[in-house]
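S.K.: After the structure tokens below, expect a handful of questions from me.
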Amino acid sequence: MIRPLSALGACALLAACAATAPDDRRVESNDDRLLRMLAESMPGEYVSVERSGDQSRPTRLLTQVGPGSPGELTVELSQRQSGAPNRDFVLELESTPNPERLVGRFMPVLSDSAPRSMVCQMNFVFGPEGLVGETDPGQCRFGERGAAIGLLKEIVFDGGGFRMADQLLDADGQPLADPEILHLRRLARFRGTAARRDGGADWRVAGDVQILTGLDLVEPLDAAGMSLGFVLNLEWIRPGPSEDTLLRLQVLDSDQSEVLAQVWADPEATMIGLGLDRLRIDLRRDPQ
């Protein structure tokens, strides 16, 4: 089973929804409010959490809510990685009489076929780990009948990020390979200042540094447009397989061959920075 990203139970979801008054003043059922909460919280941009030492390019996940009927929610998701084709799919969620359960459909979008030609049923449960859903590999199968491959796909959404796992199974239900597991957290923007002292008492300051978690490196420039001689990297990191996600700020030299300094922070930190004799960084998270 997928390991939860954080505790976000059904009670908390209901409380969050209850805090927002419905515009049409009607009384909403629990399942309607949960779907509305998901419609408000799921859309956005997410970036993969990397393992320490992993040199692979980060994966981005873009999510948006599509049109749906009452009691239903359609979510369009697109996984993007530099140098690889996009992986797009659609989730359709539907309320049930049980306010802690949803039924759904997982539909890969293939370039050479209709978007909904491949449909897998998914069952979702609200629990301590958030929204958790999985396919039935006995029903979710691809290929010719005699050699069809089953897909066990698990999705966890906790409000701040996703965890997705794909396991391919043969006709006998045996794994064909190790599962592909992807951790993603919502993209965060930080702004602030960077400064460097090359000698003497004077500092060269970059007064408007902006950086996004997990994406491009940033080279701070001083007031004259000159490089401070280093680049910044801000990313989500899991130091070990069973360890929690952390936020890491690295300062690298201009050719990215050496780490000059680094600091770790809680993933929900609103500030991150460092202060050394000749190097200072002060970054603050933009509100989302």
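The values are calculated or read from the model by the stated rules, or taken from the named source; none is laboratory data. If you're wondering where the values come from, they're calculated on a predicted model, not measured in any experiment. In this analysis, Cβ positions are derived from the backbone assuming ideal geometry, glycine residues included, and neighbour counts consider all displayed protein chains. Ligands, DNA and RNA are stripped out before the accessible areas are found, and what is left, the full protein with its side chains, is counted by its heavy atoms. Shrake-Rupley method; radii C 1.70, N 1.55, O 1.52, S 1.80 Å.
S.K.: Here is a list: R80, R57. Which entry is closer than 16 Å to N233 by Cα and without any contact (Cβ under 8 Å) to a residue 60 or more places away in the chain?
M.R.: Just a single option satisfies the conditions, and that option is R57.
Quick grid of which residues meet (1) under 23 Å from the mean Cα position of the chain (by Cα); (2) surrounded by 12 or more Cβ atoms within 10 Å (Cβ to Cβ); (3) outside any loop (DSSP other than H, G, I, E, B); (4) at pLDDT below 90:
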| residue | (1), (2), (3), (4) |
| --- | --- |
| P108 | yes, yes, yes, yes |
| D112 | no, no, no, yes |
| F124 | yes, yes, yes, no |
| G133 | yes, yes, yes, no |
| G146 | no, no, yes, yes |
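S.K.: Limited to region 54-95, what total is found for residues that are of a type outside the set (G, A, S) and in contact with a helix residue (DSSP H, G or I) (Cβ under 7 Å, 6 or more places away or on another chain)?
M.R.: Going through region 54-95 one residue at a time, the tally reaches 3.
Residue-wise test of (1) open to solvent by 20 Å² or more (accessible area, probe 1.4 Å); (2) farther than 18 Å from R186 by Cα; (3) in a helix (DSSP H, G or I).
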{"residue": "L35", "(1), (2), (3)": "no, yes, yes"}
{"residue": "V47", "(1), (2), (3)": "no, no, no"}
{"residue": "R60", "(1), (2), (3)": "yes, no, no"}
{"residue": "L73", "(1), (2), (3)": "no, yes, no"}
{"residue": "L77", "(1), (2), (3)": "no, no, no"}
{"residue": "F89", "(1), (2), (3)": "no, yes, no"}
{"residue": "V103", "(1), (2), (3)": "yes, yes, no"}
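S.K.: Looking at region 172-288, what strands (runs of 3 or more DSSP E) fall wholly within it and have at least 1 residues that are modelled with pLDDT of 90 or more and open to solvent by 50 Å² or more (accessible area, probe 1.4 Å)?
M.R.: In region 172-288, the matching strands (runs of 3 or more DSSP E) lie at 180-186, 189-196, 204-212, 246-253, 259-265, 271-275, 279-285.
S.K.: For region 153-164, does any single residue satisfy the condition of being over 27 Å from T63 (Cα atoms), in contact (Cβ under 8 Å) with a residue 24 or more places away in the chain and not polar (S, T, N, Q)?
M.R.: Among the residues of region 153-164, not one is over 27 Å from T63 (Cα atoms), in contact (Cβ under 8 Å) with a residue 24 or more places away in the chain and not polar (S, T, N, Q), which makes the answer no.
S.K.: Being farther than 17 Å from L187 by Cα and not small (G, A, S) is the filter here, so list the residues in region 265-288 that pass it.
M.R.: Listed by number, the residues that qualify are L274, L276, D277, R278, L279, R280, I281, D282.
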